[in-house]
Structures are given as structure tokens and as C-alpha cells.
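Single-structure report; data block below.
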Amino acid sequence: MTDDQLLRYSRHILLDEMGIEGQERVLAAHAVIIGAGGLGSPAALYLASAGVGHITLVDDDVVDLTNLQRQIAHTTARVGQPKVASAAAAMAAINPGVRVTALQARADAGVLDALVREATVVLDCSDNYATRHAINAACVAHAKPLVAGAVIRFDGQITVVDPRAAQSPCYACIFPPEAEFEEVACSTMGVFAPLVGVVGAMQAAEALKLLAGIGTSLAGRLLMLDGRSMEWSTMHVGRAPGCPVCVAR
């Protein structure tokens, strides 16, 4: 670790649970973030500031004026630019020592298979049910930990899937892929801006804990936040015996 890194990451290194060893694990890690919008913005900025050595951003969208109410990695001057390029610029401004790969593409099965295979941790910051299940399937197939978050209106949720642990449930154990969920979008339902910051920051925290090997992850727990009352509730979940994703691994 260089003198500049020792200074930059000193507040992490001072933590007994992290120390130099934990920070070095963070520096050597590769985080893949699917989605550079409301959740991906704070997650990417915090992971970059914390020194995750390589961060890959995946998103096929461009910055729109309506995004700026909550997607804090983007600016008015970058409206019309690819979100991954805009977020990469914001990350580089915070920490030029982090390698950022900006991939403007849809996270289909082929893209996910190639990226997850090389990842240390994956963050699901996407905004649709099908993509969440595709990310989960890729992470289970390659035994890579996944931090999954979602926000709509005043409701947020976050969980961790850790296929490295035999009894850890996957996303499909909690939300069966065959179940019929009404797909809602913030463009029609709205979203309370600070809530994506809360959940996105928590995704970064869970990812850093996994990378550094500290604390207890949210594997086996689904945290749900009601932004109207600012009350958290916890649902403890286990492996679903008939889960088609877990059975296949």
C-alpha cells in the first residue's frame, strides 16, 4: 500500500475490524454493479471512495433530466450521456486510483455470465424483476456473493445472497421466479429520492463487509424499510426446498 493510499484510507484502517489487511482485500477486489441509476449511484460512489480496486458498471440507459431528482452520480451537464460514463466520471473525480469499466449494455444472461465469473462481489441495483432473477441465477451458478436492493415509492428493501454458504437462500427462494408480481416503475409510481440513497449506501456497506471479511452479512434476512414512518422490519428466510435456482447448483 502506498503512502497516498495509507492516508486516503486511514479512517478505514483505524477500524480494528478492517485494518490494513481488510483495506488491502478491498483494494484487490472487483465489484460488478448492475444499474447506474438511483441505487447504483450512491453504491458506486461509496465503493469508489472506499478504494475497491476494480468496479464494473453495467447500464444501457442515458442520463435524463427526470433522473437528477435522485440519481446523485449524474449532473445536469451530463444529460444525454450514457449513465455508465457519467457515473464513471463522478467516481474518477472522487478517487482516480480506482479502475472503472463502464459497459453500456443490457445485463442479459451472456453479459452476466462473463462478468459475474470474474467478480468478487455483485450489486444488483437494477429496476426490474426479470433482471434481478437473471443476476441471482448468475451469482448462484458462479458462487459469487450478491447484494440486492430495490426501492419504489416510499418502500425499500435489501438482502444478501451468499451461495458460498450451503444454507444461504438465494433471491429466488425469497421471490419465486414463477410468482406473478406486478411490475411497477418509478416513472409511473414515483420514488422518494432519499430512500434510494439509504438503500444504495447500505448495499455498498454490505459489499464492503463481504470484501473485507468483517461483520455479519444480511444473508438469510430481508430488510424492509417503510420510508413514511422510517421503520425497518426484518424477515428471516431460509433455503426453499424446491427452489429451481438452488437445486440446479
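Each value in this text was obtained by applying a stated rule to the coordinates, not by laboratory testing. Everything numeric in this text was worked out from a predicted model, so none of it was measured. We place every Cβ from the backbone using ideal geometry, glycine too, and count neighbours over all the protein chains shown.
List of remarks:
- Charge sum, other residues only, whose C-beta stays under 11 Å from ARG153's C-beta, Lys/Arg counted +1 and Asp/Glu -1: -1
- In this structure, VAL247 and SER10 have a Cβ-Cβ separation that, at R0 = 45 Å, corresponds to a calculated FRET efficiency of about 0.45.
- Difference of contour (0.36 nm per residue) and Cα-Cα distance, ILE94 to VAL79: 3.4 nm
- Rounded to the nearest 20 debye, the dipole magnitude of the range 3-248 is 260 debye, with +1 charges on Lys and Arg beta carbons, -1 on Asp and Glu beta carbons, and the Cα centre as origin.
- Sorted on the mean count of surrounding Cβ atoms within 10 Å across their residues, most packed first, peptides 25-36, 106-117, 229-240 read 25-36, 106-117, 229-240.
- In the chain, helical runs assigned H by DSSP with n ≥ 4 each contribute -39500 (n - 2.57); averaged across all residues and rounded to the nearest 500, the mean residue ellipticity at 222 nm is -11000 deg cm²/dmol.
- Between the C-alpha center of the range 52-85 and that of the range 142-182 there is a gap of 24 Å.
- Bridge type composition, the chain - antiparallel percent by DSSP, nearest 5: 50 percent
- Highest-first arrangement of 135-145, 197-207, where packing means the average Cβ count within 10 Å: 197-207, 135-145
- Cα gyration tensor shape of the range 33-145, rounded if a/c is under 1.5, else prolate or oblate by comparing a/b with b/c: oblate
- Summing +1 for each Lys or Arg and -1 for each Asp or Glu among the other residues whose beta-carbon sits under 12 angstrom from that of LEU223 gives -3.
- Cα-based shape type of the range 83-158, given that a ≥ b ≥ c are square roots of the gyration tensor eigenvalues and the cut on a/c is 1.5: oblate
- Sparse-neighbour loop sites [trypsin sites (Lys or Arg not before Pro); the range 119-174; at most 15 other C-beta within 10 Å; DSSP]: ARG164
- Global form of the range 3-248, assessed from the alpha-carbon gyration tensor, a/c cut-off 1.5: rounded
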